[in-house]
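The values are calculated or read from the model by the stated rules, or taken from the named source; none is laboratory data. From a predicted model like this one, the values you see are computed outputs, not experimental measurements. Cβ atoms come from the backbone with ideal geometry, glycine included; neighbour counts cover every protein chain shown. For the accessible areas, the whole protein counts, side chains as well, though only heavy atoms, and no ligand, DNA or RNA atoms are used. Shrake-Rupley method; radii C 1.70, N 1.55, O 1.52, S 1.80 Å.
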Amino acid sequence: MRVLHVAAEIYPLIKTGGLADVVAALPPALAAQGADVRLLLPGLPAILDAVESPRQVIDIGPCFGALRVRLLLGRMPVTHLPVYVIDAPHLYRREGGPYQARDGSEWPDNQRRFALLGWVAAHLAAGDADAAWAPHVLHAHDWHAALCCAYIADHRPTAAASVYTVHNMAFQGLFPHDDWALLGLPSRFMAPQGLEFHGQLSFMKAGLKFADRVTTVSPSYAREIATHEFGCGLDGVIRGRAADVSGILNGIDDQVWNPATDAALHTRYDAERLEGKRACRRALQASLGLAQDDAALLVTVVSRLTWQKGLDLVLGALPALVQQGVQFAVQGTGEPALEAAFRAAQQAHPGRVHVHVGYDETRAHQLVAGADAIAVPSRFEPCGLTQMYGLRYGTVPLVRRVGGLADTVHDGITGLVFDAATADAFHACVQRAQALRGNEAAWQTVMRRGMVQDLSWAGPAQEYLALYAQARQARAESPRVALG
Ligand code: ADP
Ligand code: GLC
């Protein structure tokens with residue numbers, strides 16, 4: 001089966017969150033199971049610089065406000081998977097992030113930048129961008145890639161089936177109504193049964209309405225997004241496609257996240273050699289200036305600092321927990337108020353709380369390896385990867401019972417789970433962890449259960465292949481045509 005993955009970010013080239021980890025690891029896992037997998041990415045500088053042996057497939061010419069647009073085909077570093085890259089210097093070759101400038105403001109031409117990504121994907125799917133290769137299944141990730149589903153719906157003869165994966169319902173790609181004129185879609189698409197969303201233009205709706213199958217990254221989140229509480233205004237659309245929506249849990253990349261081989265660690269370890277983890281813990285305490293206190297429960301947080309992640313619960317519970325002997329090692333970036341509050345916590349509790357406001361992959365590995373527990377108190381969490389990294393590294397996850405956290409961490413078995421989104425509930429959860437750690441045998445049992453669990457992409461890749469087969473059948477029987 002030929003499968004094209006379309007996304008805006010990929011680890012280790014460009015990453016704003018877990019999406020990049022998924023886009024790096026799922027395609028090779030599918031290839032390992034026999035699929036003929038390619039990627040389509042925008043030609044951001046970090047991507048263009050890294051792709052190996054790029055050659056031109058087609059000169060597309062001027063479009064979406066760019067004078068020069070070319071489609072290149074090369075290979076990814078490390079996995080060597082074939083990757084199409086859209087070289088559109090005017091739209092993509094600029095310093096900054098994939099969606100935002102350095103100052104945090106959204107790029108003003110994001111509608112054009114990601115319309116182009118979807119439009120090229122649709123042309124590849126239709127077989128008219130590369131005469132040598134066309135996918136059976138187009139798999140689009142998040143709103144950045146969603147518009148391909150509308151372009152395909154506008155071109156009835158496209159045989160390729162489409163799968164759209166929601167990684168986070170909160171990021172929808174909303175633009176002013178009148179921007180639809182930039183997309184090259186017929187005006188009938190700008191209607192409530194199309195891309196219109198309360199007077200605005202929604203990229204995500206293109207995926208939700210027109211993909212043959214819609215997935216999200218955990219079964220619980222698939223149920224949650226059909227509710228008012230979690231649907232971000234699109235729960236009605238999700239309910240309208242109930243039969244076509246499902247959740248497939250993410251895996252983790254065993255090459256990147258494996259304590260037995262991880263080059264970032266002070267000492268490597270596994271479930272049978274836990275003394276290596278103790279060495280990592282001491283090294284971490286020393287490097288962060290935390291007291292060398294073996295009795296203290298050392299809790300880490302590695303996260304975007306946003307409302308979603310519920311880190312205000314940590315801040316609320318932190319002073320009392322520090323009093324009770326808990327240490328915190330926090331790394332994250334995001335909302336300035338949260339960054340400031342964590343910095344203040346470090347100042348208030350020298351030797352007990354360490355905060356690094358920043359983004360650093362190597363340190364993330366060292367934190368996950370050296371801590372006893374990892375806190376993920378999210379208000380909502382489509383899947384969440386860091387709690388799985390915790391499981392793999394014997395770092396007991398302390399999580400809220402929501403979304404993918406509820407699906408990956410089992411209370412008292414592989415981690416500790418709490419319900420209310422309050423500082424008190426988080427506080428009680430950390431206290432349970434302290435008590436459990438007081439019984440070394442019980443704590444190690446919980447650690448080991450997580451460490452030996454199969455969290456690889458092999459299982460999810462199989463589920464995706466089965467879903468692709470369903471999507472192809474659905475497509476063959478009744479292609480989703482636009483707005484009758
Ligand atoms: P989300 O995608 O919502 O941010 P995930 O848990 O799925 O949440 O993925 C987050 C990814 O980003 C993980 O790989 C995590 O290690 C990484 N990450 C988040 N913040 C940082 C940081 N400050 N430094 C290094 N890695 C980070
Ligand atoms: C999103 C979600 C996160 C998920 C990641 C990868 O960023 O917030 O929960 O793990 O995508 O699917």
Exercise. Thinking of the range 428-480 as a set of Cα atoms, what percent of all their pairs are more than 16 Å apart?
Worked result: 65 percent
Seminar exercise, completed: The long-range amide H neighbours of residue 354, using H built 1.01 Å from N in the peptide plane and a cut-off of under 5 Å, are 328, 329, 330
For this session: Roll a 1.4 Å probe over the protein chains and send me the accessible area per residue for the chain in Å².
Result: 37 Å²
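For 391, 182, write out the residues from largest to smallest accessible area, computed with a 1.4 angstrom probe and no ligands counted. Don't skip to the end; give the middle numbers.
Details: 391 5, 182 65 Å².
Of 391, 182, the descending order of accessible area is 182, 391.
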Exercise. Relative contact order (percent) for the range 1-139, with alpha-carbon contacts under 8 angstrom and 6 or more residues of separation?
Worked result: 25 percent
For this session: Sum -39500 (n - 2.57) across every DSSP H segment of at least 4 residues in the chain, then divide by the residue count to get the 222 nm mean residue ellipticity, nearest 500.
Result: -11500 deg cm²/dmol
Exercise. What are the ³J(HN,Hα) values, in whole Hz, obtained from phi via the Karplus relation 6.51 cos²θ - 1.76 cosθ + 1.60 with θ = phi - 60°, for each residue of the range 388-400 in sequence order, with x given for Gly and Pro?
Worked result: 6, 4, x, 4, 5, 9, x, 10, 5, x, 10, 10, 7
For this session: For the chain, with all protein chains present and a 1.4 Å probe, just round the carbon and sulfur fraction of the accessible area to a whole percent.
Result: 52 percent
Exercise. Rounded if a/c is under 1.5, else prolate if a/b is larger than b/c, else oblate: which is the range 275-451, with a ≥ b ≥ c the root eigenvalues of its Cα gyration tensor?
Worked result: rounded
Exercise. Taking the radius of gyration and the Kirkwood hydrodynamic radius from Cα positions alone, what is the Rg/Rh ratio for the range 165-211, to two decimal places?
Worked result: 0.94
For this session: Jot down the per residue volume, in cubic angstrom and as a whole number, of the convex hull over the alpha-carbon atoms of the chain.
Result: 133 Å³
Exercise. For the range 106-116, in order, what is each residue's ³J(HN,Hα) by Karplus, 6.51 cos²θ - 1.76 cosθ + 1.60 with θ = phi - 60°, in whole Hz (x at glycine and Pro)?
Worked result: 5, 4, x, 10, 4, 4, 6, 4, 8, 5, 4
Problem set entry | Normalised contact order of the range 387-450, rounded percent, pairs of Cα under 8 Å and 6 or more residues apart | 34 percent
Seminar exercise, completed: For residue 100, the residues 5 or more places away or on another chain with a placed amide H closer than 5 Å to its own amide H are 107
For this session: Rank these residues by their accessible area, most exposed first, probe 1.4 Å: 13, 30.
Result: 13, 30
Seminar exercise, completed: Counting Lys and Arg as +1 and Asp and Glu as -1 over every other residue whose Cβ sits under 14 Å from the Cβ of residue 261, the net charge comes to -1
Exercise. What list of ³J(HN,Hα) values in whole Hz, one per residue of the range 45-57 in order, does the Karplus curve 6.51 cos²θ - 1.76 cosθ + 1.60 (θ = phi - 60°) give from phi, with Gly and Pro shown as x?
Worked result: x, 5, 7, 4, 5, 9, 5, 8, 6, x, 9, 6, 8
Exercise. Any idea what the dipole of the chain comes to, in debye rounded to 20, about its Cα centre with Lys/Arg Cβ at +1 and Asp/Glu Cβ at -1?
Worked result: 200 debye
For this session: Taking a cut-off of 13 Å between Cα atoms, list the aspartates and glutamates near residue 277, but don't count ones fewer than 8 places away on the same chain.
Result: 262, 294, 372
Exercise. Near the amide H of residue 254, under 5 Å away, which other amide H atoms are found, from residues 5 or more places off or on another chain, if H is placed in the peptide plane?
Worked result: 457
